[in-house]
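So that we are looking at the same thing, I have put the structure below in structure tokens.
Every read-out reported here was derived from the displayed coordinates using simple, explicitly stated rules and does not represent laboratory data. Remember, it's a predicted structure, so these values are computed and weren't measured experimentally. Neighbour counts are summed over all protein chains in view; Cβ atoms, including those assigned to glycine, are modelled from backbone coordinates with ideal geometry.
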2 protein chains.
Amino acid sequence: MPDPTTCQFEGRPRRIVLTGAHRSPEYCLTCGVRSRSVCSALDDGDIARLAETAVETLVLPGRCFIEEGGPATDFFNITSGTVKLFKALPDGRRQITGFAGTGHFLGLAVSDHYAFGAEALDTVRLCRFSRARMRHLLDDFPRMERRLLEEASNELVAAQNQMLLLGRKTARERVASFLLDRMQDALDPTGIVPLPMTRADIADYLGLTIETVSRTLSWLRREGMIAIGKGHAIRIAAMARLETLASGDS
Amino acid sequence: MPDPTTCQFEGRPRRIVLTGAHRSPEYCLTCGVRSRSVCSALDDGDIARLAETAVETLVLPGRCFIEEGGPATDFFNITSGTVKLFKALPDGRRQITGFAGTGHFLGLAVSDHYAFGAEALDTVRLCRFSRARMRHLLDDFPRMERRLLEEASNELVAAQNQMLLLGRKTARERVASFLLDRMQDALDPTGIVPLPMTRADIADYLGLTIETVSRTLSWLRREGMIAIGKGHAIRIAAMARLETLASGDS
DNA sequence: TTCAGGCATTGATTCAGGTCAACTCTGCCC
DNA sequence: GGGCAGAGTTGACCTGAATCAATGCCTGAA
């Protein structure tokens, strides 16, 4: 069983080998990453050079692969799976600052120490670059820098939304906002929202306790706004009412 | 008197004229901005071209110059003064997502609408670029892009810290963290922390009410950790104890 | 099948911080 | 000086979410 307190890589890091399919700009390196990935900004030549420097890694669920405050040696591009990013206080209180999925970058820190930890929610595949190599790549591929800037800008907008949520929204508004955000992410028009994280993760993301998250979900169900399925999925039953609640119009 | 509900520029927008002093990389455009500014990443030629496209603007205290949700037409570099950045809910609840001072960039949004509002705390001078021009500049000056990426990364780290604060810290820990952050910003070794913002701004930044901010500052004073001076300044009297409090070690 | 352990739900109670209200302080205009 | 408005402080009380506690519900191991 993975020990979440240690911080190591699992699986079989290996050199990436490009095949025909991977030359398409809509696929990343070895692993079929979609348009959000690093490769959407690069051409075939770029990708060939990247392949020289990236290492594909498999991370098992529950395994922490970035340790908050640890030396920032690597840079990551997630190619499948979901990770949670978090910060912690000495007494154990935790705040999840975001969830990163396929195509997202990690480890952009300017400092030489990671400002946050990262842990795999499910089995995660990622491309790992040494930061030194990464710096050289940025010099060679201006498009890459453009991509990173775009990603960082998007994350800043998300962070500002989250600050509004954490600072000023009620528990009900927080949970409603969270469900809608997740639905946007899943791009599922049927209103089924996958929740690969535990109640504890949701609580740590929303600045609440697990009990409050649970009570609030039950309340949303009693009110007919959602239906709670088996196996960590929720169906949104009254989108409009949920949106009104999330925006704080009440 | 400025009307904070409308969103206009004050003063005398004008073309920027470079003089000898401004050619130095440690000064921005017209106005003596230090190393954090856009110019630290540019050489003389770059600066000369920038000067063609930037407009200097003076913003009066209390004036909102970026309206949340409004069309994102411009890009800004603050050359003096402090602004508050905020998001609001329909019923008036507000969250200040950050304070931006000399050298900071604003308006990096990927979307074509601003994701936050900005209002001058004191008299603010800034260099304004149209976003269309800005895009062309980024193509011409890769160094500029590097600078923006660095700035965005720093802001992301700050945002993550703020999420930890808003989601998991107590009122006392929040206020202590805030004072220490402000001191870092002011770079004043004597421990005098300038607070150009009102109690309401501090409250909206920390996710508290003005009453709680006031009570907490009074408590810190009674405990001997700070001394509250006249005219919006505070002296830190027991740095170590304040740091222990801020980090949540209690 | 049973048992153990993690996760989730629900109820009872507490408390940190919000709300409401009174008051002071300061600068400012007349 | 007097009066006024906005900012700040302090007290009394209330409430939303945390805390504490009990129970249910899976899943995997023996």
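Quick one: with label points 7 Å out along Cα→Cβ, list the inter-copy distances for B:Arg131 in nm, shortest first?
3.1
Rounded to the nearest 0.05, what FRET efficiency is calculated for B:Ile228 and B:Ala158 with R0 set to 45 Å and r the Cβ-Cβ distance? Don't skip to the end; give the middle numbers.
Numbers: r = 26 Å, r/R0 = 0.57.
E(calc), rounded to 0.05, equals 0.95.
Then there's this: Let me have the relative contact order for region B:182-250, percent, based on Cα pairs under 8 Å that are six or more residues apart. Kindly include the intermediate steps, with their values, before the conclusion.
Working: 64 pairs, mean separation 19.5, N = 69.
In percent, rounded to a whole number, it is 28.
Still on this structure: Between B:Leu60 and A:Leu138, take the C-beta separation as r, use R0 = 45 Å, and let me know the FRET efficiency to the nearest 0.05. Show your work: numbers first, answer last.
Values: r = 40 Å, r/R0 = 0.89.
After rounding to 0.05, the efficiency reads 0.65.
Moving on. Using 1/(1 + (r/R0)^6) with R0 = 25 angstrom and r between the beta carbons of A:Thr123 and A:Arg93, what's the FRET efficiency to the nearest 0.05? Walk me through the numbers on the way to the answer.
On the way: r = 28 Å, r/R0 = 1.12.
Result of the calculation: an efficiency of 0.35.
In nm, what does the list of distances from A:Ala200 to its counterparts in the other copies look like, shortest first, when each label sits 7 Å along Cα to Cβ?
Copy-to-copy label distances for A:Ala200: 4.3 nm.
What ranking, highest mean first, results for peptides A:104-112, B:77-85 when packing means the other Cβ atoms within 10 Å averaged over each residue? Provide the component values of the computation, followed by the final result.
On the way: A:104-112: 17.2, B:77-85: 22.8.
Answer by packing, highest mean first, reads B:77-85, A:104-112.
Under a point spin-label approximation (7 Å from Cα along Cα-to-Cβ), what is the A:His113-A:Asp185 distance to one decimal in nm?
So the two model labels end up 2.8 nm from each other.
Taking B:Pro189 in one copy and the same position in all the others, each labelled 7 Å out along Cα→Cβ, what are the pairwise distances from the first, in nm, shortest first?
6.5
Oh, and also: On average, how many beta carbons from a partner chain sit within 10 Å of the beta carbon of a residue in A:167-175? Mind dumping the intermediate values first?
Working: counts 18, 11, 4, 1, 0, 0, 2, 1, 0.
Mean partner shielding for this stretch: 4.
For B:Lys169, which lysines qualify as cross-link partners when the Cα separation must be under 29 Å and same-chain residues fewer than eight apart are set aside?
A:Lys84, A:Lys87, A:Lys169, B:Lys84, B:Lys87, B:Lys230
Can I get the semi-axes of region A:169-247's equivalent ellipsoid? Compute them from the C-alpha gyration tensor as square roots of 5 times the eigenvalues, in angstrom, largest first. Mind dumping the intermediate values first?
Details: eigenvalues 55, 41, 29 Å².
Each semi-axis is √(5λ); the values are 17, 14, 12 Å.
Quick one: which residues, 5 or more positions from A:Leu195 or on another chain, have an amide H under 5 Å from its amide H? H modelled 1.01 Å from N in the peptide plane, none for Pro or chain starts.
The list, which skips near neighbours in sequence, is A:Ala233, A:Ile234.
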